[in-house]
Amino acid sequence: MKIPFFQLDAFAARVFTGNPASVCPLEEWLDDATMQAIAAENNLSETAFFVAQGEQFRLRWFTPTMEVDLCGHATLAAAWVIFHEFDWSLDTLDFATNSGILTVTRDDEGDRLAMDFPARPAGPANGADAVAEALGARPAELLASRDAMAVFASAGEVARLRPDFARIAALDHFAVIATAPGGEAGCDFVSRFFAPKAGIDEDPVTGSAHCTLVPYWSRRLGRSRLFARQISARGGELWCEDKGARVGIAGRCVPVIEGVIRL
């Protein structure tokens, strides 16, 4: 059995930046154990699998160790594959997922794709001491949605974090977002994302984290359209919009590898 395989750098303008994602188009679903084994073999933060389903596509995401309920960069990569490799003639496509219908549209800028995701606003959270110990620095503010969100005063503080991944994995939250005003980074806000529970110590660029980041920074900065950078070692760029109950997250993809998986 041969399965098409694509690897792309998402939220990137050139190869070897952004977040690598694997995409496997399927004619019908494989069993969960096989998809998890493929994701472990790929050993990237996410492998996306999709199956055509009427006028939509059913989409699922796997880290090397588990299936997750929402992933931004692998959704962006899967959409790029459909638009460019499957000659999708429309400007919009819909993914049916465990987080509802996710729509991806060709952005007005031409080379970007814009995703429509559910907002996950953060509220007040306890446990600032444990988060400070895990990150190696005390945030000015701690909030939480699915993830803990540690807000710092400057991009430099976020860049200098040296997290203890074992301590982060022991926290009650799925992952930890560290964020700060963009300032010297030349953007509206910056972030880093740590998810050792999911087998990802630091994710290079995390679309789903912006479901929480965008509502916060939109309120704090007083505008709905924002430009963000994730300041991991690879780095990435995201054009975001606060839409109330939804957030818009746009970025570019660069294809890197194409082949087949043999089962």
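The values are calculated or read from the model by the stated rules, or taken from the named source; none is laboratory data. Just so it is clear, the structure is predicted and the values come from calculations on it, not from any experiment. Cβ coordinates were reconstructed from backbone atoms using ideal geometry, including for glycine residues, and neighbour counts include every protein chain displayed.
No other residue among Val254, Val158, Val176, Val260 is over 15 Å from Ala122 (Cα atoms), touching a residue at least 24 places away in the same chain (Cβ under 8 Å) and either among the small types (Gly, Ala, Ser) or crowded, with 21+ Cβ neighbours inside 10 Å (or both) apart from Val158.
In segment 23-66, what count of residues is obtained for those that are polar (S, T, N, Q) and under 19 Å from Gln230 (Cβ atoms)?
Residues of segment 23-66 that are polar (S, T, N, Q), as a first pass: 34, 36, 42-43, 45, 47, 53, 56, 63, 65.
Okay, now just the ones that are also under 19 Å from Gln230 (Cβ atoms), so 45, 63.
So the count comes out to 2.
From the list Thr65, Thr47, Thr75, the lone residue that is assigned to a loop (DSSP other than H, G, I, E, B) and under 21 Å from Phe193 (Cβ atoms) is Thr65. Only one of the listed residues (Leu113, Leu93) is over 15 Å from the mean Cα position of the chain (by Cα) and either of a type in the set (A, V, I, L, M, F, W, C) or under 21 Å from Asp203 (Cβ atoms) (or both). That residue is Leu93.
When you check Thr97 against the structure, is it within 21 Å of Gly235 (Cα to Cα) and of a type outside the set (Asp, Glu), yes or no? So Thr97 fails the test. Does at least one position in segment 179-196 carry a residue that is closer than 19 Å to Trp61 by Cα, outside the structural domain of Pro20 (by TED's automatic domain parsing) and surrounded by fewer than 24 Cβ atoms within 10 Å (Cβ to Cβ)? Looking through segment 179-196, at least one residue is closer than 19 Å to Trp61 by Cα, outside the structural domain of Pro20 (by TED's automatic domain parsing) and surrounded by fewer than 24 Cβ atoms within 10 Å (Cβ to Cβ).
None of Gly127, Gly72, Gly136 is within 14 Å of the chain's Cα centre (by Cα), closer than 30 Å to Ser154 by Cβ and among the small types (Gly, Ala, Ser) except Gly72.
A single member of Asp94, Asp147, Asp87 is over 21 Å from Val51 (Cβ atoms) and either out of contact with any strand residue (DSSP E or B) (no Cβ under 9 Å at 6 or more places or on another chain) or of a type outside the set (S, T, N, Q) (or both), and it is Asp147.
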